[in-house]
Amino acid sequence: MPRAIPKPLLMVHLSGAAEIILGVGALFKETRNIALIGIILMLILFLWVHFYMLSGEKEAAGIPKIILYLRIPLQFLLMYWAYSYWI
C-alpha cells in the first residue's frame, strides 16, 4: 500500500469489501452498469498500487518483479473485460 494512503490496513479491508459488493452488484441486471463502472474505476486506482510496488524491494513485498510487471497488462485486460459487459 503506498505510503500516501492513510490507514493502509483499513483501506485494504474497505477495498476488499468494495470488490465483493461490486462483484455481487455485477450479477444483477438492475445494478450491473453501476457495478461495472465501479469495478473499472477501482482497477484504474489499483494501477497506482501496482506501479508503487515496482518502486523498490520493500514495496514489492517479496513478489518477483516479473509478476509485478505482468500484473499491469492484466489490469488493462480486466478493465476491458468489465467494459465488454457494460456495453
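Structure notes:
- DSSP-loop GluC sites (Glu not before Pro) across segment 8-80, with at most 12 other Cβ within 10 angstrom: GLU30
- Within the chain, helix-based [θ] at 222 nm, where runs of 4 or more DSSP H residues each add -39,500 (n - 2.57), nearest 500: -25500 deg cm²/dmol
- Estimated FRET transfer efficiency (TYR69, LEU9; beta-carbon r; R0 25 Å; 0.05): 0.45
- Note on LYS7: lysines with a C-alpha under 25 Å away, same-chain residues under 8 apart excluded, are LYS58.
- Taking chymotrypsin sites (Phe, Trp or Tyr not before Pro) across segment 14-87, the ones in a DSSP loop with at most 14 further Cβ atoms lying within 10 angstrom of their Cβ are PHE28.
- Surface/4 of the Cα convex hull for the chain, nm²: 5.9 nm²
- Among the trypsin sites (Lys or Arg not before Pro) found in segment 1-77, those both in a DSSP coil and sparsely packed, with 16 or fewer other Cβ atoms within 10 Å of their Cβ, are ARG3, LYS29.
Readers should treat all values here as calculations from the given coordinates under stated rules, not as data from a laboratory. Computed from a predicted model, the values in this text were never measured in an experiment. Positions of Cβ are backbone-derived with ideal geometry, glycine not excepted, and every protein chain shown enters the neighbour counts.
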